[in-house]
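Okay, structure first, notes after.
The values are calculated or read from the model by the stated rules, or taken from the named source; none is laboratory data. Just so you know, these numbers come straight off a predicted model, no measurement behind them. Counting neighbours? That spans all protein chains shown, and the Cβs are built from the backbone with ideal geometry, glycine included.
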Amino acid sequence: MQPAAPPQRHHGRPGLPTRARQLGKTLFNQQCWCWGCDIRQSENLLLRYGFSRHRVPERQQGSSAYTIQLENAATVIVWGWGLWYSDGGSTSLYLPRHELRPGLMELDTVPSSVWSLRELPSYQLPRTGREWARVRQLLGQSCRWIGTYETWVAQTAGLAYRAECVARWQKKAIAAEEMAGQWQELADIAA
C-alpha cells in the first residue's frame, strides 16, 4: 500500500485538486452502493444509525429519502442518486452519485419529499473563489461524517460485512478496511 500523500492546501484558490476529484468519484459512487446494501439488511443499517426513511409514494418513481440531523446540527439526506448536506448555513451542498461535481444550493433545507433528481431544488456549480471555499468547507464536513459512518458500520455490522458489500460491487473498488480512512483523506484534501 502506498503512503497517503500529504493534504494539499488551497488558500482560497478555486476548484478541487485532481486527487480529490479522482478519489471522490470512485469513493462516493461506491459509498452509494454500500448504502444500498445497508438498506437491504434485515435490520436497515441507515435506520439503525438514526436516519428517518421517507418512502416514494405509490405510482411515483424515485428513491426513498433517508434524513438525519447530526449532533453538530448538520443535516444529511441520502438518496440512491446523491447526497445533500447542510451545516445550517445559508448554502448547502449537493453531491451527485457518479462524479465529484459538488453543487451549491441557496437553501439550508431540502424537503424530505424529494424522491427524484428532477424534483431537487436547483443548484449551481461553484464559480467564484468564495463559492469554491464554501464547497470545500461543506465537502470536508460531509466526508468526515461519511468516514464516521463507515467506522460505525465496521464496528456494528463488522468489517467482513462491508467487505462482502464491496466484493459485490462490479466496479473499481476501494477496500472495505480503507473506506473510513479514505473519507478522512478526502476531507483533508478537499479542505
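The residue that is surrounded by the most Cβ atoms within 10 Å (Cβ to Cβ), among those in region 88-101 that are in a loop (DSSP other than H, G, I, E, B) and touching a residue at least 60 places away in the same chain (Cβ under 8 Å), is Leu100.
Pick from Tyr149, Tyr161, Tyr85: which is of a type in the set (Ser, Thr, Tyr), under 21 Å from Asp38 (Cβ atoms) and part of a strand (DSSP E or B)? Quick ask: steps written out before the conclusion?
Details: Tyr149 fails: part of a strand (DSSP E or B); Tyr161 fails: part of a strand (DSSP E or B).
Step by step, each of Tyr149, Tyr161, Tyr85 is checked, and only Tyr85 is of a type in the set (Ser, Thr, Tyr), under 21 Å from Asp38 (Cβ atoms) and part of a strand (DSSP E or B).
Is it true that Ser113 is free of Cβ contacts under 8 Å to residues at least 60 places away in the same chain, touching a His at 6+ places or on another chain (Cβ under 9 Å) and not hydrophobic (A, V, I, L, M, F, W, C)? Yes: the conditions hold for Ser113. Tell me which of these Gly140 doesn't satisfy, since it passes every other one: (1) closer than 24 Å to Cys37 by Cα; (2) out of contact with any Leu (no Cβ under 8 Å at 6 or more places or on another chain). Checking Gly140 against (1) closer than 24 Å to Cys37 by Cα; (2) out of contact with any Leu (no Cβ under 8 Å at 6 or more places or on another chain), the one that fails is (1). Applying the criterion of being closer than 15 Å to Cys143 by Cα and hydroxyl-bearing (Ser, Thr, Tyr) to the residues of region 26-78, the residue that is surrounded by the most Cβ atoms within 10 Å (Cβ to Cβ) is Thr75.
Filtering region 37-64 to residues that are at pLDDT 95 or above and either under 21 Å from Arg101 (Cβ atoms) or of a type in the set (A, V, I, L, M, F, W, C) (or both) leaves Cys37, Ile39, Leu45, Leu46, Leu47, Phe51. Could we say that Leu107 is surrounded by 14 or more Cβ atoms within 10 Å (Cβ to Cβ), in contact with a helix residue (DSSP H, G or I) (Cβ under 6 Å, 6 or more places away or on another chain) and not in a helix (DSSP H, G or I) here? No. Scanning region 120-144 for residues that are in a helix (DSSP H, G or I), of a type in the set (D, E, K, R) and more than 17 Å from the chain's Cα centre (by Cα) yields Arg130, Glu131. Listed by first and then second residue, the pairs linking a residue in region 43-60 that is farther than 18 Å from Glu71 by Cβ to a residue that is assigned to a loop (DSSP other than H, G, I, E, B) and at pLDDT 95 or above, with Cβ atoms under 8 Å apart and 6 or more places separating them unless they lie on different chains, are Leu45/Ala157; Arg53/Asn44.
Return a yes/no flag: does region 140-158 have any residue that is charged (D, E, K, R) and within 24 Å of Leu47 (Cα to Cα). The answer is yes, given that some residue of region 140-158 is charged (D, E, K, R) and within 24 Å of Leu47 (Cα to Cα). In the set (1) without any contact (Cβ under 8 Å) to a residue 40 or more places away in the chain; (2) within 18 Å of Trp33 (Cα to Cα); (3) polar (S, T, N, Q), the condition left unmet by Gln124 is number (2).
Taken together, the residues in region 61-71 that are part of a loop (DSSP other than H, G, I, E, B) and either free of Cβ contacts under 8 Å to residues at least 60 places away in the same chain or charged (D, E, K, R) (or both) amount to 5.
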